[in-house]
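Any read-out appearing in this document is the output of simple, stated calculations on the displayed coordinates, not a laboratory observation. The structure displayed is predicted, hence computed values, not measured ones. Quick reminder, even Gly has a Cβ in these numbers, built from the backbone with ideal geometry, and neighbours come from all protein chains shown.
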C-alpha cells in the first residue's frame, strides 16, 4: 500500500470508525448473526506483545475487533478500542496485561463511538475522542472505568487524539482531510472554555502530533514530499517577546513513516513504523539544541503480518511493542473448477487484490502489494507459466484495473493530490499511460467494467455512471454520464458480452441486502437505461459481486457467506433468468472467490497461503 | 475482487459501507461554521449520491432567502428508518435546520439535522458532523 494511500486510508479508517456512516448489516436476525460471525472471522485481531528485537513475548486476551492499542505509562495495562458490530459502536476498554482482565471505560450508545485513547501521565485517566449525539468531543474518564466521562473540548469537525503530553499539560490532536490538515495542542490547565493551540497548518496531510517529554518539540507525520515522513519542529505555545525564529522542521525518517511516532520517556529516542513493516528508531537529543542520528531498524514484521499505524504502539521506555495482529494476510492465487475444487495455482503467495481473468481466460489481472515498499501495483500474470508482467510502477495510489474486451489494454484509476483520474495502458506493460478522464476533486472512482465496444467505462457513486472515453472532448473536459440515478444505490455495473445489457447490484428492494439486477443498455443513449430492470436474485443475505459468462447465458454472483452461485439468463424473447443455483461454497472465511473464467468452467480465488 | 471482498469486510467492520460521495465535503463546507435556520421546506431531491433540501427563510425580515442543503445518500436515511415520504410530507411546511455553511459564502450548506413539523428529527450525523 502506498504511503499517501495509506495516510488516506488511515484517515478514512479513523474517521470511518468514528463516523459510522451507514449501517449495512442485515436486519434479519439470522443473516445479521452470520454477517457478524464473518466479520469476526476475517477481522478479529490478537493483542500481542513484542520485545525490542521483535520477539513475541506474550498474547493478551481473546481475539476481537481491536484497534489503537496504547500502553499505560507504567506499561502494565493497555487502552484499546473494541468494536461492537451488533450495536455499530466502538468503545474504549482497558486491558490488564498480567491477567487479561478487560475493563470497559467508555459507554457509547448505538452508533456512537469512542476512539484514539491517550493516557494521563499518572495512568489514572484516559482521554479519547467521543462521538456523542452527533457531535465530536475530547473526553476523559478514570481508567478504572468508574465515574462519568468529562467533556474537555467540543469540536464541530472530526478530530483524532494522539497523545497526552508527558508533563500533563496538553492533549495533542489533528484534523485533516484531502484538502490539508492541522495539528493542535489543547491546554488542560485553567478553567472555562478550552481553546486549542494550532501548532501548524499545511496544505498537506498532517497526522500524529506528539510532544517531546520536555514539551519543547512536536513530532508529526506529513506527506509534503509525496510520501508520509516523520518530522520534528519546535513547539512554542507562548514564545518570549523578541525570541529568535524557531529552527526546523527536521525530517527524521528516510524511507517513509506511518501514523505517529513515539518519544521515549527520556526524550533521547523516537520510534516509528515504516511502510516495509519495520519498527525504526532514531536517537536524538533536544537540549541544548535539537540533534538526531540516522534511523536504524529495530525489527521487521514478516509479510504475513502487515502493520497498520493505528494497530501498534510503543511503551514509554521503548522496550515493549504492542500490535493488534490481524488474521494471516498472504494469499495464493488458486484456480477452482465449477465444483470449487482446486485445480491449480498461479505464481507465488502474496498480498493480492482485484483479480480478474483476461477475456481469453489465459491471463490474470491482479493488484499486488510490494512487501518492501508497500506500493500497490497492477500486474498481468500468465496462467500457464506464472510469469508476471508489471503494468504500473506507481508510488501513488492506484485501484480498480479493468480489461478492455480485446484484452489488449487495461484501464485503472490513479489518485494524485485530491483527484481520481482514469488512465489506460497496454496490457503488455509497454508504452506510456494515457489519461482518459478526471473526476471531481476529492471523490473516489472505482472502475467495474469497460464496455465491449470500448466506448464507456463504468463506476458508481451510488449513481451508476458512464465515462465516454472515446468522445471528442479532451480527457479533462469529459463528464461522467448518470446512467442510473435513483433513491437507491446501484453499483458494480457489468456490461453483458454483447454490450446490450447492464448487470449491477442494487439495494432497491432492501437497503442492507444488495441483489442482482439487469437492465437494457443502449450505447447511443448512455445517459439513461434503455428499459426497466429485472431482478435476478432475492438472496436472504444479498449478493456481493457479479459477472457474466462470455456467451451472456449465465450470471455469477457470490453471497455474503461465500456461496458461489449461478443463474441462467436469456434476453430473447424477453429478459429472463432462471433460479439461482449453488455451484459451491468456499469454506475458509479468509478465502475469496474473485472472478469467473470466460467459459464459466474455471474460477479464480485468493486462498490463504499454507 | 478479493480487494473488494476485503474492502466490504472492512467497511462492514467499520460500519461505513456505501458512503457515496462525489466531492470532498470538507473542502466545500466549513464544519466549524455551523448555521441554524427556520423556514419553509420548499423542494427536495431525494436521489443519489446525496439528497438536496431547499429551505426558504426570511432572515428576520421580509426578504426571502433560499438555502440549499446537501445531505447524505438516501440509503443513509433508509438504514435509519427515515424514508422519502417522511420528508416529502413536510414540503410547504415549517422546518428548522442545522448545517455547516459553504466556504464560498453562498446560501448553501451541508445538512446536519432537520426538525420536521411533527417534531421528527432527521439527522445526517455522524456522517456530516
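Under the definition of Cα pairs under 8 Å and six or more residues apart, what whole-number percent is the relative contact order of the range A:337-427?
19
Hey, how much of the P(r) for the range B:22-123 falls beyond 22 Å, as a percent of Cα pairs? Working shown, then result.
Details: 1246 of 5151 pairs.
Here the long-distance tail beyond 22 Å is 24 percent of all Cα pairs in the range B:22-123.
If you project the alpha carbons of the range A:191-281 onto the principal axes, what extent comes out on each, in Å, largest first?
On the principal axes, the range A:191-281 reaches 43, 33, 31 Å in Cα extent.
What is the order of A:604, A:280, fewest Cβ neighbours within 10 Å to most?
By the 10 Å Cβ count, ascending, the order reads A:280, A:604.
Compute the distance in nm between two label points, each set 7 Å from the Cα along the Cα-to-Cβ direction, one at residue B:93 and one at residue A:337.
Result: 6.4 nm between the two label points.
I need the Debye-formula profile for the range A:462-512: one equal scatterer per C-alpha, no solvent, reported as log10 I(q)/I(0) at q = 0.20, 0.29 1/Å, two decimals.
-0.78, -1.09
Sort A:396, A:582, A:465 so the one with the fewest other Cβ atoms within 10 Å of its own Cβ comes first. Please report the intermediate quantities before stating the final value.
On the way: A:396 17, A:582 11, A:465 25.
By the 10 Å Cβ count, ascending, the order reads A:582, A:396, A:465.
If I take R0 = 41 Å and measure r between the Cβ atoms of residue B:35 and residue A:32 in this structure, what FRET efficiency does the formula 1/(1 + (r/R0)^6) give, to the nearest 0.05?
Computed FRET efficiency for residue B:35 and residue A:32 comes out at 0.60.
Order these by the 10 Å Cβ neighbour count, fewest first: A:254, A:53.
A:53, A:254
Given a Förster distance of 56 angstrom, what is the FRET efficiency for residue A:201 paired with residue A:571, based on the Cβ-Cβ distance and rounded to 0.05?
Using R0 = 56 Å, I get an efficiency of 0.45.
Considering only C-alpha atoms, what is the centroid distance from the range A:561-610 to the range A:162-233, in Å?
Spelled out, the Cα-based centre of one part sits 49 Å from the other.
If you fit an axis through the alpha-carbon atoms of helix A:3-19 and take the longest principal axis of the Cα set of chain A, what angle between them do you get, 0 to 90°, nearest 10?
With both axes taken from Cα atoms, the answer is about 80 degrees.
With labels modelled as points extended 7 Å from the Cα through the Cβ direction, what inter-label distance (nm, one decimal) is found for residue A:84 paired with residue A:238?
If labels sit at residue A:84 and residue A:238, their model points lie 4.2 nm apart.
For chain A, what does the helix formula give at 222 nm: sum of -39500 (n - 2.57) over DSSP H segments with n ≥ 4, over the residue count, nearest 500 deg cm²/dmol?
Rounded to the nearest 500, the figure is -1500 deg cm²/dmol.
Can you give the extra length, in nm with one decimal, that the chain gains between residue A:268 and residue A:285 once fully stretched, where that is 0.36 nm per residue apart less the Cα-Cα distance?
Stretched fully, the residue A:268-residue A:285 segment lengthens by 5.6 nm.
Could you give the distance between the Cα centres of the range B:77-93 and the range A:94-160, to the whole Å?
34
Once the protein assembly as shown is represented by equal point scatterers at the alpha-carbon sites, with solvent omitted, what log10 I(q)/I(0) does the Debye formula produce at q = 0.06, 0.08, 0.10 Å⁻¹?
For the requested q values the scattering log ratios are -0.36, -0.66, -1.04.
Expressed as a whole number of Å, what is the distance separating the alpha-carbon centroids of the range A:416-462 and the range A:302-375?
Spelled out, the Cα-based centre of one part sits 24 Å from the other.
Using only alpha carbon pairs under 8 Å that are at least six residues apart, calculate the relative contact order of chain A and give it in whole percent. Write out the running numbers ahead of the final one.
On the way: 1645 pairs, mean separation 56.4, N = 610.
The normalised contact order for chain A reaches 9 percent.
Could you quote the convex hull projected area for the range A:289-372, Cα atoms only and averaged over all directions, in nm²?
Reported value for the Cα convex hull: 9.3 nm².
Please state the equivalent ellipsoid semi-axes for the range A:331-608: what are the square roots of 5 times the Cα gyration tensor eigenvalues, largest first, in whole Å?
Equivalent-ellipsoid dimensions as semi-axes: 26, 25, 17 Å.
By how many degrees, 0 to 90 and rounded to 10, does the Cα axis of helix A:29-43 deviate from the longest principal axis of chain A?
60
Defining a contact as two alpha carbons under 8 Å apart and six or more residues distant in sequence, what relative contact order in percent does the range A:331-608 show?
Taking the mean separation of contacting Cα pairs over the length of the range A:331-608, I get 14 percent.
Would you mind getting me the FRET efficiency between residue A:55 and residue B:59? Use the beta-carbon distance for r and R0 = 51 Å, nearest 0.05.
Working from the Cβ atoms, E equals 0.15.
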